[in-house]
1. Would you confirm, using the coordinates I've provided, whether Ala70 is touching a helix residue (DSSP H, G or I) at 6+ places or on another chain (Cβ under 6 Å) and open to solvent by 30 Å² or more (accessible area, probe 1.4 Å)?
2. Only one of (1) out of contact with any Pro (no Cβ under 7 Å at 6 or more places or on another chain); (2) modelled with pLDDT of 90 or more fails for Leu99. Which number is that?
3. Please give the number of the condition Ser142 fails out of (1) out of contact with any helix residue (DSSP H, G or I) (no Cβ under 9 Å at 6 or more places or on another chain); (2) modelled with pLDDT of 90 or more; (3) of a type in the set (Ser, Thr, Tyr).
4. What are the pairs, 6+ residues apart or on separate chains, where a residue within segment 63-90 that is farther than 22 Å from Tyr130 by Cα has its Cβ under 9 Å from a residue that is among the small types (Gly, Ala, Ser) and crowded, with 16+ Cβ neighbours inside 10 Å?
5. Before we move on, is Val159 surrounded by 13 or more Cβ atoms within 10 Å (Cβ to Cβ), touching a helix residue (DSSP H, G or I) at 6+ places or on another chain (Cβ under 6 Å) and among the aliphatic types (A, V, I, L, M)?
6. Which residue, of Ala26, Ala64, Ala44, Ala84, is at pLDDT 85 or above and of a type in the set (Gly, Ala, Ser)?
7. Report every pair of residues separated by at least 6 positions or lying on different chains whose Cβ atoms are under 6 Å apart, first residue within segment 108-124 and closer than 19 Å to Ala155 by Cβ, second among the polar types (S, T, N, Q).
8. Out of all the residues in segment 127-140, which are open to solvent by 40 Å² or more (accessible area, probe 1.4 Å) and on the phi < 0 side of the Ramachandran plot?
Amino acid sequence: MSIPLSASRLTMRSVPRLVDSTFMGAFVLPSLTVVDISLAEGSARSGCSIMELMLHNVPLDDEAILDVLACTPQLRALAIHEPAKEHCITHAFVSTVFLPELRMLELVWSYDACEERILDMVERMKGLEYVVLGRRFGLELSAGCVERMNVLREAGVSVSQW
C-alpha cells in the first residue's frame, strides 16, 4: 500500500533502524525536492552505523560528501550519481576518500572528471569486490580507463561500466 504525500521536503531528525527501504517504499513523494536527515550530535560516534550510502542526484558538493564519509568509515557500499549541475566527484574527493571496509563502489559523474584520478582512488581501495564507473548521458569512458578497469577485473574485482 502506498501513501501519496504532496510534501516537497522530508526532514528526519533521527534515523531508527526500522526506517528501511520497505518503510520508505510505502510513500509516494512526487513533489519531494529536499531531504534533510539530521542525526543527534555525536550519534555517528555512538551507535549509528550506516553500512550503505546511496546518493542519486543529491546536490551536495565534495566538501559535504567528505564530511559525511568522515563520520561513516564503516561503510561497505557507496553509490554516488552526481546531479547534472552539481559536482562532488572532484580531485578533492578522489584524493581524500578512505573507506577501509568498502566492498561496493558505484560512481557516476556528470562532467569531464579526471578518470585517471578516479581509477587511482579505486586501485588504492583494498577489499573492493564490486565497482561500477561511468559518465552520465551515455558518454563513453576513455580507452585508458577501460584498460585499467580490465586490469582490476583480472585481479578478481567485478567491474562494469554504468
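The values are calculated or read from the model by the stated rules, or taken from the named source; none is laboratory data. Only a predicted model underlies this, so the values are computations on that prediction, with no experimental measurement involved. Counting neighbours? That spans all protein chains shown, and the Cβs are built from the backbone with ideal geometry, glycine included. For the accessible areas, the whole protein counts, side chains as well, though only heavy atoms, and no ligand, DNA or RNA atoms are used. Shrake-Rupley method; radii C 1.70, N 1.55, O 1.52, S 1.80 Å.
1. Considered against the rule, which asks whether it is touching a helix residue (DSSP H, G or I) at 6+ places or on another chain (Cβ under 6 Å) and open to solvent by 30 Å² or more (accessible area, probe 1.4 Å), Ala70 comes out as no.
2. The single condition Leu99 does not satisfy is (1).
3. (1)
4. Between residues of segment 63-90 that are farther than 22 Å from Tyr130 by Cα and residues that are among the small types (Gly, Ala, Ser) and crowded, with 16+ Cβ neighbours inside 10 Å, the close pairs are Cys71/Ala44; Pro83/Ser110; Ala84/Ser110; Lys85/Ser110; Glu86/Ser110; His87/Ser110; His87/Ala113.
5. Numbers: surrounded by 13 or more Cβ atoms within 10 Å (Cβ to Cβ): yes; touching a helix residue (DSSP H, G or I) at 6+ places or on another chain (Cβ under 6 Å): yes; among the aliphatic types (A, V, I, L, M): yes.
Yes; evaluated as a whole, the condition is true for this residue.
6. Numbers: Ala26 fails: at pLDDT 85 or above; Ala44 fails: at pLDDT 85 or above; Ala84 fails: at pLDDT 85 or above.
Every option except Ala64 fails the conditions.
7. Glu115/Ser142
8. Matches in segment 127-140: Glu129, Tyr130, Arg135, Arg136, Leu139, Glu140.
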